[in-house]
1. Given (1) surrounded by fewer than 16 Cβ atoms within 10 Å (Cβ to Cβ); (2) in contact with a helix residue (DSSP H, G or I) (Cβ under 8 Å, 6 or more places away or on another chain), where does residue A:339 come up short, assuming only one miss?
2. Looking at the stretch A:170-209 only, could you name the residues that are under 30 Å from residue A:138 (Cβ atoms) and not in a strand (DSSP E or B)?
3. Quick one: which of A:108, A:46, A:41 is at negative phi and within 16 Å of DNA strand C (Cβ to nearest atom)?
4. So which residues in the stretch A:13-44 are more than 10 Å from DNA strand D (Cβ to nearest atom) and either under 23 Å from residue A:94 (Cα atoms) or at pLDDT 90 or above (or both), if there are any at all?
5. Restricting attention to the stretch A:136-156, which residues are over 26 Å from residue B:92 (Cβ atoms), assigned to a helix (DSSP H, G or I) and without any contact (Cβ under 8 Å) to a residue 60 or more places away in the chain?
6. Name the residue, out of B:301, B:254, that is closer than 20 Å to residue B:149 by Cβ and crowded, with 24+ Cβ neighbours inside 10 Å.
7. Which members of the stretch A:225-243 meet the condition of being under 27 Å from the mean Cα position of the chain (by Cα) and free of Cβ contacts under 8 Å to residues at least 40 places away in the same chain?
DNA sequence: CTGAAAGCGCTTACAG
DNA sequence: CTGAAAGCGCTTACAG
């Protein structure tokens, strides 16, 4: 069944050596145009397809990039991975997209899988604190880029691309302050996520300048989701919530807030303003209309691929690059001035 | 830089032949437990990792399944791919997830990529009419399963797993009829999609039994999305819409209807009831609360993987299997009885 | 229980 | 311009 046709078969049919077939396929210049065409025609006719495994084994290059995301079901990562795949393809690389499932064990296995398969480099998208350390430990020597978390701050020797979360937090604070909010909740802070730490820090610093100390509600889970956002908000609302605005750590969390608010008869934005972070496509839906901080996924994706391929090509690694992208505010209708 | 440690290095360090190292790694029984442990310890210490390319080349088996989805950014496919990956992993297979981007050219390239990389089998998730033919043409001889479209009907010689779309269409019709609707629009029919044809047929057959001929609005694009749903609905609403209910061909399309309705000041479900198809997670959001037909992604995913691995193991292919999963109605609040 | 040898499908110096 | 040979990293009969 799995009997593929090989270069040997083609050589036999064409009456040439395997070397010649190989050269015809790789567009080697040292070959008469005539024989090349004749051989290529035979390949086409016989449905020949090069065995990438064998070729990569020889060339020590696969032209494959491994991409690990925490969860494809989160639209933020789905959109990000689409951007990465598209840009990588335009540069001649294929992408193997893997689902870490927010699980360190699975992620570690995926590293093993990708390395075993000799990928040329790895992009790890993560908001986990230890993502940089993971790369160092699991893929030393392999070109790698950490996407979404600034490795610079954590001191790991890895390359990274991410949004400026500090600036993002500040943007959020400015927006809510300008609208006149004073009693504000930051919902869903993940203490073990550097990304979230920075987001929070930018937010609180700006708030404190205005003499305000926001209430911070931690998210003890390793990820953010609608369900978690909903659960945390239920607790908040159950205890009676005086705040006029909630800044949710991600859009998914914000969608959860929306759900809990609905259950408690709280209107958004009439009773409470809601601001998210990420700008996933569902935030733009009517009835949702979530104001949010845009992570600019397209820019992130391209920067990560560009950086990784540059490292792969340079074949050296004695300095590390960190790129930060500036976030922007997307103002929709989930935020307004507080009631007097 | 990309100097990996090989079996030869291990052999040298351990003072044995490469054969022995290989046997230690593959848990071959013909080996003293003592040397095995000694060798494995060295491998661990040196951070040795088997080169999957070389191993697969010899074994003629990769334990990798290729999965092509039209778009990971569609939550339906994102959830489906998660189910497939999880189930495949539990059976010892890794999954290479690829993004067809709703583009025949890209999909064809992906087939080439996967076949070149010697995957053991392919799952193609698609709602395109010609998906079965594509498999036959691009991957004859390779174990493959078409997911989401019934190959049986199209007469292609491929295996398939899908929901019973005819039954799904009937379920939708029954629900709207029971609520008392008589003036109904089916929005987003894709004439070149067998899946959608069946959905429509089940729907109209049931309607016609009740003496009703629904208005059908075609979707000329090759895919369904929020934007397309919105654009089609705008046209519908702009011309004045008498219908009391809309059955959208997918949940994404339904979200687009919601958006257009909002623009035209039409309330759902007060003015018009809205029913979707798929049951993506965003349909469950408050304020959205979309009634829909559940495709039961988990069952689909598992059935596809089970079928594919069975074919891979059997190593023969002279009969083709078609599995259909029964859809269910998920009734939320976007559908109600029409105003008198 | 262990090793030498052949071979998986390919590429690339090295000759001619 | 073309071919014979070596080799990528591994596995597996075949001897011993």
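1. (2) is the only condition that residue A:339 fails.
2. A:190, A:191, A:192, A:193, A:194, A:195, A:196, A:197, A:198, A:199, A:200, A:201, listed by residue number.
3. It is A:46.
4. Scanning the stretch A:13-44 gives A:13, A:25, A:26, A:27, A:40, A:41, A:42, A:43, A:44.
5. A:136, A:153, A:154
6. Of the residues listed, the single one that is closer than 20 Å to residue B:149 by Cβ and crowded, with 24+ Cβ neighbours inside 10 Å is B:301.
7. Across the stretch A:225-243, the qualifying residues are A:226, A:227, A:230, A:231.
Yes or no, residue by residue, for (1) within 26 Å of residue A:130 (Cα to Cα); (2) outside any loop (DSSP other than H, G, I, E, B); (3) modelled with pLDDT under 95:
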| position | (1), (2), (3) |
| --- | --- |
| A:211 | no, no, no |
| A:216 | yes, yes, no |
| A:232 | yes, yes, no |
| A:241 | no, no, yes |
| A:247 | yes, yes, no |
| A:253 | yes, yes, no |
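The values are calculated or read from the model by the stated rules, or taken from the named source; none is laboratory data. Bear in mind the structure is a predicted one, so any value in this text is a computation, not a measurement. Note that we place each Cβ from the backbone using ideal geometry, even for glycine, and neighbour counts take in every protein chain shown.
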